């Protein structure tokens, strides 16, 4: 056994990435999640892991800690990801093609109009 004086101060630090505790959560518990959400969460976890590992390679323990703290700050600042729900609007007919037809309307008693855009040749 090596004497305590022979060990590096970094050897005495706790592991910054200990194994997560087993809470009894299995893949079967997440069976009700859509595949797209599960894939997105796994991809986000891979990106976080690779960022921390890159910090560890470049700056050792301090680099890994800084990378982890920056990811935590990002999560705090941006908050949890929000669901991107599609927006659906019902209309009584087809929308007007403003580019082809132009537009004219009255806003607070003021007539506003814009001519149609000129047709441009496609770029070569």
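Overview of values
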quantity	calculated
Some residue of the range 74-85 being modelled with pLDDT under 80, surrounded by 11 or more Cβ atoms within 10 Å (Cβ to Cβ) and either in a loop (DSSP other than H, G, I, E, B) or within 18 Å of the chain's Cα centre (by Cα) (or both)	yes
The range 86-118, subset in a loop (DSSP other than H, G, I, E, B) and in contact with a helix residue (DSSP H, G or I) (Cβ under 9 Å, 6 or more places away or on another chain), residue surrounded by the most Cβ atoms within 10 Å (Cβ to Cβ)	116
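Let's see how each residue does on (1) modelled with pLDDT of 90 or more; (2) surrounded by 12 or more Cβ atoms within 10 Å (Cβ to Cβ); (3) on the phi < 0 side of the Ramachandran plot:
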| residue | (1), (2), (3) |
| --- | --- |
| 31 | no, no, yes |
| 34 | no, no, yes |
| 40 | no, yes, yes |
| 45 | no, no, yes |
| 51 | no, yes, yes |
| 64 | yes, yes, yes |
| 67 | yes, yes, yes |
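The values are calculated or read from the model by the stated rules, or taken from the named source; none is laboratory data. Just so it is clear, the structure is predicted and the values come from calculations on it, not from any experiment. Reconstructed Cβ throughout: ideal geometry from the backbone, glycine too, with neighbour counts over all protein chains shown.
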